[in-house]
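Every number in this text was worked out from the coordinates using simple rules, so none of it is lab data. Remember, predicted model here, so these are calculated numbers, not experimental data. Glycine also receives a Cβ, built like all others from the backbone with ideal geometry; neighbour counts cover every protein chain displayed.
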Ligand SMILES: N[C@@H](CCC(=O)N[C@@H](CS)C(=O)NCC(=O)O)C(=O)O
């Protein structure tokens, strides 16, 4: 049965279209237009109590019962469980995926997201301080990723949901003012990820109404 994806054209939305395409799971998109405030619609808040995208509804959840899931990290784990892909069964391999998935949801999202905020702030007094602080921390996160990818092809060794999570934000590197040429191992990984046919489809799926 078809999974409903409630999302918009943002890093957290794109993580999930990429994962669904890579896993080959059937899905339909329900655009939640953040610019129009649709994240506050009562019907959406029922499945996403944080008023944030993404969220999914799977009519064929565990035991055949419908289930809704919010928070992109939880959604990726759910889809990994459902498809049996990109989410290893081996406890050691799984822990590496969890480490890098948690790194993304706790840091490599909230921090570059602050750069996006302060970049958009115009001439505000707080702009310079905010930009300096969050651009420095964003660069530090890219250094962490670069060191990891100097040793491993993908974040958790083999391709996993952690790569899909991180890719959603790396996709916005220009917006948070990162030149990938400064991080050659991240650049190698990014180019390899973006060249994958399923990833291309995941980024091409319309997440805005025309
Ligand atoms: N921790 C959440 C973050 C989700 C999130 O921040 N979504 C943004 C778009 S990328 C959103 O819905 N923003 C709408 C708002 O803040 O009103 C996740 O990983 O799913």
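Could you work out the relative contact order of the chain, using alpha carbon pairs under 8 angstrom and six or more residues apart, expressed as a whole percent?
Values: 287 pairs, mean separation 57.8, N = 210.
Rounded, it is 28 percent for the chain.
Taking the simple approach of a point 7 Å from Cα along Cα-to-Cβ for both residue 191 and residue 9, what is their distance in nm?
Going by the 7 Å Cα→Cβ label model, 2.6 nm.
Hey, what's the Kirkwood Rh for the range 62-170 if you take every pair of different alpha carbons, in angstrom?
Numbers: mean 1/r = 0.0646 Å⁻¹.
Kirkwood hydrodynamic radius for the range 62-170: 15.5 Å.
Relative contact order (percent) for the range 120-198, with alpha-carbon contacts under 8 angstrom and 6 or more residues of separation? Mind dumping the intermediate values first?
Numbers: 36 pairs, mean separation 25.1, N = 79.
Relative contact order of the range 120-198: 32 percent.
Using 1/(1 + (r/R0)^6) with R0 = 30 angstrom and r between the beta carbons of residue 208 and residue 71, what's the FRET efficiency to the nearest 0.05?
The pair residue 208/residue 71 has a calculated efficiency of 0.85.
Provide 154, 129 in ascending order of the number of other Cβ atoms located within 10 Å of each residue's Cβ, fewest first. Numbers along the way, then the final one.
Numbers: 154 20, 129 10.
With the fewest neighbours first, 154, 129 line up as 129, 154.
Measuring from centroid to centroid over Cα atoms, what is the spacing of the range 50-122 and the range 7-23 in Å?
That distance is 10 Å.
Two decimals, Cα atoms only, Kirkwood Rh: what is Rg/Rh over the chain?
Values: Rg = 17.2 Å, Rh = 17.7 Å.
Dividing the radius of gyration by the Kirkwood radius yields 0.97.
Give me 105, 45, 199 sorted ascending by neighbouring Cβ count inside 10 Å, so fewest comes first.
Working: 105 17, 45 14, 199 22.
Result, fewest neighbours first: 45, 105, 199.
So for the range 134-210, considering every pair of alpha-carbon atoms, how many percent are separated by more than 15 Å? Write out the running numbers ahead of the final one.
On the way: 1648 of 2926 pairs.
In whole percent, the long-distance tail amounts to 56.
For the range 137-210 and the range 29-43, what is the separation of their Cα centres, given in Å?
Answer, in whole Å: 27.
Which FRET efficiency value, to the nearest 0.05, is calculated for residue 174 and residue 152 with the Förster distance at 35 angstrom and r the Cβ-Cβ distance?
Working: r = 25 Å, r/R0 = 0.71.
Between residue 174 and residue 152 the formula returns 0.90.
Apply the a/c threshold of 1.5 to the C-alpha gyration tensor of the range 1-62 and tell me whether it is rounded, prolate or oblate. Spell out each step's value before the answer.
Numbers: a/c = 2.33, a/b = 1.40, b/c = 1.66.
Since a/c reaches 1.5 but b/c is at least a/b, the shape of the range 1-62 is classed as oblate.
Averaging sequence separations of C-alpha pairs under 8 Å and six or more residues apart, then dividing by the length of the range 23-94, give the relative contact order as a whole percent. Don't jump to the answer; show the numbers that get you there.
Numbers: 60 pairs, mean separation 14.0, N = 72.
Relative contact order for the range 23-94 comes out at 19 percent.
Within 10 Å of each residue's Cβ, count the other Cβ atoms and sort 147, 139 from fewest upward. If you can, show how the numbers build up before the last one.
On the way: 147 12, 139 17.
The fewest-first ordering by Cβ neighbours comes to 147, 139.
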